[in-house]
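Quick notes on the structure that follows.
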Amino acid sequence: MSNLANGITHTAHGVGEHVSFHMFFDSWIVEQNHQLQELVSAASASASASEASVLIPLVVQHYEHYYKTKSMWAKKDILSMFRPSWRSSLEKAYMWVGGWRPTMTFHLLYSKCGLQFQDTGNLSHSQMERVDKLHKTTLWKEKMITEKLAKLQETMADSSMVELTDHSRHGGDQVVHHQGLVDAALAPKEKGLVGILQMADELRLNTLKDLILILSPIQGVYFLIAAAELHLRMHDWGKKRDDDASHNHC
């Protein structure tokens, strides 16, 4: 358990050393794999509730570190967050607003309940009620963010953009001089993307943290194992498929 804590501290102190979010993500996912091994070891050793209560906050801290760093880089290059080079084609196909869909958390929980929680007991009636309430709240917030993104996307066809495209069509060699106007027109739209991404990431993180609070410490360990395994395996499968496709095209 001490190795996990040291690993998180090392990663957190290394934020400024990365010259791109891609580099940060690569190091972050390596640390997530280390954390997964710690979680599996704790589950295999039938860790006590007190031991699990120490381990879980460290894993949550790692997620918090990810979103804090992501927010910093999003302000520098928001468009890369919606077309992440560090993600595989498979992962990109299932992205929602630059990441995983928050309500997937509940589907993962329901899918894994009978498998991961078999040694810890099923969720109690009270827990299920709280999970259901959180699920509904998350779904509502998810829809609200989706609608905000849709409205922002529609502004790409507003009068200012149409006027700029018209100027470009008639500008000939003058097109380059319109670049400043184009940048000025796109700036608030990109700023809007930053805000929406931050809302989505906040919902992702808060959904995970709120769900962990509902689960018992042992259940929390099993759930975090399932979440890490799904994330890491999807990443590995996607990279392999991309590599295979690249070789087939050679």
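The values are calculated or read from the model by the stated rules, or taken from the named source; none is laboratory data. These figures come from a predicted structure and were not determined experimentally. Quick reminder, even Gly has a Cβ in these numbers, built from the backbone with ideal geometry, and neighbours come from all protein chains shown.
Here is how the numbers come out for the structure above:
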quantity	calculated
Index of the failed condition, S50 passing every other in (1) at pLDDT below 95; (2) over 25 Å from A226 (Cβ atoms)	(2)
The stretch 179-217 - residue that is of a type in the set (G, A, S) and assigned to a helix (DSSP H, G or I) and, of those, nearest to the chain's Cα centre (by Cα)	A200
Residue count for the stretch 59-98, restricted to those that are out of contact with any Phe, Trp or Tyr (no Cβ under 9 Å at 6 or more places or on another chain), closer than 12 Å to L205 by Cβ and of a type outside the set (K, R)	6
Selection count where residues are aliphatic (A, V, I, L, M) and touching a Pro at 6+ places or on another chain (Cβ under 6 Å), scope the stretch 182-227	1
Pairs where the first residue, in the stretch 94-115, is free of Cβ contacts under 8 Å to residues at least 12 places away in the same chain and the second is crowded, with 18+ Cβ neighbours inside 10 Å, C-beta under 7 Å, 6+ apart	C113/L123
Answer residue from the stretch 18-27, given it is assigned to a helix (DSSP H, G or I) and without any contact (Cβ under 8 Å) to a residue 40 or more places away in the chain and is surrounded by the fewest Cβ atoms within 10 Å (Cβ to Cβ) among those	M23
Qualifying residue in the stretch 40-49 (condition: touching an Asp or Glu at 6+ places or on another chain (Cβ under 9 Å), closer than 23 Å to V194 by Cβ and of a type in the set (A, V, I, L, M))	no
Candidate set from the stretch 37-88 (those that are closer than 16 Å to F25 by Cβ and hydroxyl-bearing (S, T, Y)); member that is surrounded by the most Cβ atoms within 10 Å (Cβ to Cβ)	Y66
Checking D132 against (1) of a type in the set (D, E, K, R); (2) at pLDDT 95 or above; (3) within 29 Å of L58 (Cβ to Cβ), the condition it does not meet	(2)
The stretch 227-250, subset small (G, A, S) and surrounded by fewer than 19 Cβ atoms within 10 Å (Cβ to Cβ), residue nearest to K92 (Cα to Cα)	G238
